Amino acid sequence: MGTTHARIYRLRPRRLLHHVTLRAGSADLFVFAQIFADNEFAPLNKQDFRSIIDLGGNIGLASAWFLSTFPHSKVVTIEANPDNYALLDANLQAYGDRAAIVRGGVWQHRTKLAVVRRENESDAQVREARPGDRPADIIEAWDIPSLMKRRLQLHRSIENRH
C-alpha cells in the first residue's frame, strides 16, 4: 500500500508579496476565497495599520494579506491548532521580523486549553483542559491583556534587532 499525501497548492494572488501554501480537503481554500476572491478585507484598504493581532491565524492567509497591504505593519498571529503551525510558519516566514507567531488560543483568562479536532485535522475547537486530556492536545491560553503585553514585548524585541 502506498502512502497518501495531502494535495497542496502554492499560490500567489496579486495582492500578496509572497506565495502561500494551502491544503486541499481543508478549510484553507474557503478562507483563501473569502480573503482574495470575495475581498473580505477590502474596507480596510484605506487604513494605515502599524500593529495588528490576528486572532485565530489558521495558516496565515489573513496575516499575509495584512503584511502585504500595510508595508509598515507588524503582525502577531495567534493560532490554537497545532495542525496549522507548519503552514502558518511557512506562509509567514518570508515576511521576516514583521511577523510573529504565538502558539496558543485566546480565552477570557490565562489557563490551559485542549484542542478538540472536528471533521479534519485543520478544523478544531478549543475548550478548557480537563484531567485525562492528551498532553499533545494541551496549549497555552492567552487573555487579551496578556496578549497585548506579549505583542508589545515581541515588537520591542523586533525593533531592538534593527
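Tabulated results
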| item | result |
| --- | --- |
| Candidate aspartates and glutamates - alpha carbon under 13 Å from LYS112, same-chain residues fewer than 8 apart omitted | GLU128, ASP133, ASP137, GLU140, ASP143 |
| Sequence of TRP142, TRP65 from largest to smallest accessible area, 1.4 Å probe | TRP142, TRP65 |
| Assigned charges on the beta-carbon of Lys, Arg, Asp, Glu; the chain dipole about Cα centre (debye) | 400 debye |
| Cβ-based net charge around PHE70, under 13 Å, with every Lys or Arg adding one and every Asp or Glu removing one | +3 |
| Antiparallel bridges, percent of DSSP beta bridges restricted to the chain (to nearest 5) | 50 percent |
| Accessible surface, per residue, of the chain when the full set of protein chains is kept, probe 1.4 Å, Å² | 59 Å² |
| Sum of -39500 (n - 2.57) over DSSP H runs of 4+, divided by residues of the chain (222 nm, nearest 500) | -7000 deg cm²/dmol |
| Integer Hz, Karplus 6.51/-1.76/1.60 couplings in order for segment 85-94, x for Gly and Pro | 4, 4, 6, 4, 4, 5, 6, 9, 4, 5 |
| Residue of GLY25, GLY104, GLY132 that the Gaussian network model of the chain assigns the largest fluctuation, springs spanning Cα pairs under 10 Å | GLY132 |
| Zone residues, segment 65-106, relative to ALA37, backbone N less than 19 Å from point 7 Å out along Cα-to-Cβ | 65 |
| Local net charge near TYR85, Cβ-Cβ under 11 Å (Lys/Arg +1, Asp/Glu -1) | -2 |
| Of all accessible heavy-atom area on the chain, the percent that carbon and sulfur account for (1.4 Å) | 52 percent |
| Full-stretch length increase - GLU140, ARG12 - with 0.36 nm per residue and alpha-carbon distance subtracted | 42.9 nm |
| Selection from GLY105, PRO71, LEU55 lying farthest towards where the dipole of the chain points positive, charges on Cβ | PRO71 |
| Cα→Cβ-extended label distance, 7 Å offset, between HIS109 and LEU44, nm | 3.1 nm |
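The values are calculated or read from the model by the stated rules, or taken from the named source; none is laboratory data. Everything numeric here is computed off the predicted structure, so don't read it as measured data. With ideal geometry, Cβ positions are generated from the backbone for all residues, glycine too; neighbour counts draw on all protein chains shown. These accessible areas exclude ligands, DNA and RNA; they are computed on the full protein's heavy atoms, side chains included. Shrake-Rupley method; radii C 1.70, N 1.55, O 1.52, S 1.80 Å.
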